[in-house]
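What follows is a set of notes on a single structure, which appears directly below.
The values are calculated or read from the model by the stated rules, or taken from the named source; none is laboratory data. Note that the structure is a prediction, hence the values are computed from the model and not measured. Ideal geometry is used to build each Cβ from the backbone, glycine not excepted, and the neighbour counts take in all protein chains shown.
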Amino acid sequence: MSGDEKFVGVLQAMLEKARKDEIAWRKIGGTSYRVDFPASAIEIHYVNPSFEPDSYHARLLNARGESVKTLSSAEEEPQWPLLSSLYAEAERFVSGWDRALLDAEAAVASAGRVGGREAPEITDADIPF
């Protein structure tokens with residue numbers, strides 16, 4: 001098995017772990033995420049150029065932070081599903097949108113008023129004229 005095939009295998013295993021919240025991603029830029037290992041790291045980047053197809057790029061970094069393997073895919077290319085799913089999992093983990101959505105769903109499904117605070121009562125003293 002080539003190094004490229006092994007890298008794809010590692011990314012597939014990462015996707016499975018990420019879906020179970022077993023990867024501690026961190027944001028490293030506007031559209032980039034990273035996970036650090038003892039002597040390496042993997043980054044995933046999303047690129048959205050104006051006049052070209054969107055693309056994802058996964059990079060394997062060695063202990064010195066040098067890129068030693070890269071896997072890239074634009075829309076409709078074979079690795080697009082893997083890289084876009086891995087990026088989506090990293091974004092979910094870092095942003096916490098899934099936890100926020102669960103909270104909002106639970107709140108609106110509950111009986112009674114939601115929102116936590118009563119609207120303030122306006123008095124004559126609040127009116128400036």
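General observations
- Scan segment 35-61 for residues that are closer than 17 Å to TRP25 by Cα and assigned to a loop (DSSP other than H, G, I, E, B) and the total you get is 4.
- Residue in segment 50-65 that is surrounded by fewer than 11 Cβ atoms within 10 Å (Cβ to Cβ) and closer than 23 Å to TRP97 by Cα present: no
- Pairs are defined by a Cβ separation below 7 Å, a sequence spacing of at least 6 or placement on different chains, a first member in segment 96-122 that is farther than 21 Å from LYS20 by Cβ, and a second member that is at pLDDT 85 or above and surrounded by 10 or more Cβ atoms within 10 Å (Cβ to Cβ); the pairs so defined are VAL114/ALA107.
- Residue within segment 2-13 that is part of a loop (DSSP other than H, G, I, E, B) and without any contact (Cβ under 8 Å) to a residue 60 or more places away in the chain present: yes
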